[in-house]
Amino acid sequence: MQDLRVSIVQGDTRWHDPAGNRDYYAGLIAPLAGNTDLVVLPETFTSGFSNEAVTSAEDMQGETLAWMRAQAQKLDAAITGSVQLREGDAVFNRLLFVTPDGRVQHYDKRHLFTFAGENKRYAAGRERLIVEWRGWRICPLVCYDLRFPVFARNRPDPTRANAPDYDLLIFVANWPAARAYAWQTLLRARAIENLCYVAGVNRTGRDGNALDYSGDSALIDFLGQPFAEGEGEGEFVASATLSARALTDFRQRFPALDDGDAFVLSH
């Protein structure tokens, strides 16, 4: 496993404007070309977190996935973020993980935010995704999933000599400023308990529901210490290199995952 360069992109997502958002985020990430391995965008980065956006949801042949493929190729990096995507009669809050060769993997948000009625308009996913990218194992999740540590638990994988499931945990979000302390605290907790790096990417600005977002995007190490962190409430793009050696050495010195409880996730 080599070091991994990760870029977090905190932007002021335009409300219900997919084309405008694609242009906006393309401008933010263009300088990263050739200088990163993975670009992380916020949750619902083409529309904002809106129950009404379900009516204009794209499918897997839509413009946003084509845009992500083009961006991944331009950047020579994987790109990930979530959008509303229709599959049959259901619409999912779907995280797409796209690599420069055009390969697409996806994760459908498991925990829907009933407080805002997300469960009434969107379908819930069932399966967790583990992506292998440039020697790293990555578990990407979406926003409210952050509050459910069992679903994110890093477990020994018997098919890999009991090595941990993943090395990097990603959360893409539209997490309101009113609950910013919970966002900051839980990101650090997930890193500490799972002995992994965490990338948390939140939007900034005010959305069409008059909700404010403070950003607070961060890259956090396995000790829970942030080493790249959004400042203030504005746009923020930061890149950092995740050290494979530091992670491996720490896990060997402090093998806490070996003492965890065995369990199986049910649907």
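The numbers here are math on the coordinates, done by the rules we state, and not lab data. Keep in mind that what you see is a predicted model, and the values were worked out from it rather than measured. Please note: Cβ atoms are built from the backbone with ideal geometry, for glycine as well, and neighbour counts cover all protein chains shown.
Computed values, structure above
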item	result
Between segment 1-24 and segment 57-111, the Cα center-to-center distance that results, in Å	12
Where chymotrypsin sites (Phe, Trp or Tyr not before Pro) fall in DSSP loop in segment 178-267, at most 12 other Cβ within 10 Å	263
Contact order normalised by residue count of the chain, Cα under 8 Å, 6+ apart, percent	21
Segment 178-267: GluC sites (Glu not before Pro) in DSSP coil with no more than 13 other Cβ atoms inside 10 Å	231
Furthest towards positive pole of dipole, 143, 39, 105, structure part the chain, Cβ charges	105
Dipole-positive endmost among 133, 200, 95 within segment 73-214 (Cβ charges, Cα centre)	200
Kirkwood Rh (inverse of mean 1/r, distinct Cα pairs), the chain, angstrom	18.4
Mean Cβ count within 10 Å, highest first, over the residues of peptides 13-20, 122-129	13-20, 122-129
For q = 0.20 Å⁻¹, Debye-computed log10 I/I(0) when each Cα of segment 81-232 counts as one equal scatterer	-1.38
With Cα atoms, 0 to 90° folded angle of helix 63-75 axis to the chain main axis	50
Cα-based convex hull, segment 1-138, per residue volume (Å³, whole number)	108
Residues of segment 203-234 with amide N under 15 Å of a point placed 7 Å along Cα→Cβ from residue 3	227-228
